[in-house]
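Only one structure is covered here, and it is reproduced in the block below.
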Amino acid sequence: NHAIDCDVLVCGDDEAARDEVVRLVELAGLRGLHAGPLANATAAEALTAVLIFINRRYKVPGAGVRITGLPGSGSTG
């Protein structure tokens, strides 16, 4: 097992549903971010192949995505 240290991108066409999913993600101790309409999910899911490659190349158990530059994110970069 390893700690999950990444953001969860939440896409959906129903704003109330996105709010609820972000809330549930945060209850699990992660940071959920509104990532726009459901059409954006295709781009977000396409990152999976990149992350699998990075995991294999660098022999890590779970590379993830962290969005920087957001207020309160601890990083401006």
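The values are calculated or read from the model by the stated rules, or taken from the named source; none is laboratory data. Small disclaimer: the values here were computed from a predicted structure and weren't measured. Cβ placement follows ideal geometry from the backbone for every residue including glycine, while neighbour counts extend to all protein chains displayed.
With respect to Asp13, is the statement that it is in contact (Cβ under 8 Å) with a residue 24 or more places away in the chain and over 15 Å from the mean Cα position of the chain (by Cα) true?
Taking the combined requirement at face value, the residue satisfies it.
Does region 39-69 hold any residues that are touching a Gly at 6+ places or on another chain (Cβ under 8 Å) and closer than 19 Å to Ile4 by Cβ, and which are they?
Once the filter is applied, which keeps residues that are touching a Gly at 6+ places or on another chain (Cβ under 8 Å) and closer than 19 Å to Ile4 by Cβ, region 39-69 yields Leu51, Asn55, Thr68.
If the requirement is being among the small types (Gly, Ala, Ser) and within 16 Å of Cys6 (Cβ to Cβ), which of these qualifies: Gly32, Gly72, Gly36?
Among Gly32, Gly72, Gly36, only Gly32 is among the small types (Gly, Ala, Ser) and within 16 Å of Cys6 (Cβ to Cβ).
Among the residues of region 3-12, is any among the β-branched types (Val, Ile, Thr), assigned to a helix (DSSP H, G or I) and either at pLDDT below 95 or surrounded by 14 or more Cβ atoms within 10 Å (Cβ to Cβ) (or both)?
no
Would you say Glu26 is among the acidic types (Asp, Glu), touching a strand residue (DSSP E or B) at 6+ places or on another chain (Cβ under 6 Å) and modelled with pLDDT of 95 or more?
yes
Collect the residues in region 16-51 that are closer than 18 Å to Gly72 by Cα, among the basic types (Lys, Arg) and more than 12 Å from the chain's Cα centre (by Cα), keeping them in residue-number order.
Arg23
Identify, please: which residue in region 26-77 is among the basic types (Lys, Arg) and outside any loop (DSSP other than H, G, I, E, B) and is, among those, surrounded by the most Cβ atoms within 10 Å (Cβ to Cβ)? It would help to see each step written out before you state the result.
The first filter runs over region 26-77 and keeps only residues among the basic types (Lys, Arg), leaving 31, 56-57, 59, 66.
If we keep only those that are outside any loop (DSSP other than H, G, I, E, B) too, we end up with 31, 56-57.
Values: Arg31: 16, Arg56: 10, Arg57: 9.
Residue satisfying both the conditions and the ranking: Arg31.
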